[in-house]
1. Inspect segment 186-208 for any residue being surrounded by 14 or more Cβ atoms within 10 Å (Cβ to Cβ), in contact with a strand residue (DSSP E or B) (Cβ under 7 Å, 6 or more places away or on another chain) and not in a helix (DSSP H, G or I) and give the result as yes or no.
2. Out of the residues in segment 180-226 meeting the condition of being among the charged types (D, E, K, R) and in contact with a Leu (Cβ under 9 Å, 6 or more places away or on another chain), tell me which one is nearest to residue 80 (Cα to Cα).
3. Looking at 82, 48, which is the one that is at negative phi and either at pLDDT below 70 or among the aromatic types (Phe, Trp, Tyr) (or both)?
4. Just the residues that are among the charged types (D, E, K, R) and within 20 Å of residue 218 (Cβ to Cβ), please, taken from segment 51-100.
5. Just need a number here: residues in segment 117-157 that are in a loop (DSSP other than H, G, I, E, B) and at pLDDT 85 or above.
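The values are calculated or read from the model by the stated rules, or taken from the named source; none is laboratory data. All values derive from a computational prediction rather than experimental measurement. Because the Cβ atoms are built from the backbone with ideal geometry, glycine has one as well, and the counts that use them run over all protein chains shown.
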Amino acid sequence: MKNFLYYDRDFLNLFIAQKDDGFTEITEAEASYLNALDIEQERIKDIITKKQSNNIFNHFEKYIKDDKTDDSSKARKKDEIIIGCYLNDNVLMSFFCFSHIENLLSNEYRRTYKSETLNNKTFKNLGKIQKNFDFLKAAIPYDVFLCGENLFIPLNEKYLRVDKNKIWFSFEREIKIVGRVNKLAHENNVENSQIIQTLNEMQNIAFSMLLDLGFIKSKNPFIVTPIAVYI
């Protein structure tokens, strides 16, 4: 059973509409079984919706694994990804939420954990995070994200299935990621206009900070747009 932590229903609905001219419906036998259960109609509708979502995702996953799919966009494992392909693999990830971290960095809490068990090095690192936080939030327009060995995955809160302040408690470190590999974090195209090059350089500085602060492990991770994250 898939426990979705993140599910981009808009992307998947668009995919299935273009591929099949509509949704992948549940079978007549499944519908009859649900109707025979002694549960409320609203609950039945909820089950049917979730079943349809699961069918749509399974159809998409089958498509990106199909041998007929163009090789440049076919699903790949984390160690084989290229720009433009789909990542489909179990990956060791860490979860971060800027607003949650910012709350913990408040002066009220800093006084508490400074007097407790944090060593001096750890406390100084928290101070570095707080110092650079405003710039990081401005340069990276996402509040929640996943980081792996060579991956940076920003999460659109619209598609989260779990409260962002509780998601850290909701998964083991190895989770299934399905998403589109968009670009490398550091990409400087000399053909870009001056303002675009400047904005790219600011993004490069932000990712260098994330590396220095320990959020990411790679100097130049792949940026992945997630479609589904589940355990």
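1. No.
2. If we take residues in segment 180-226 being among the charged types (D, E, K, R) and in contact with a Leu (Cβ under 9 Å, 6 or more places away or on another chain), then 180 is nearest to residue 80 (Cα to Cα).
3. Result of the check over 82, 48: 48.
4. 76, 77, 78, 79, 80, 89, listed by residue number.
5. Final tally of qualifying residues: 8.
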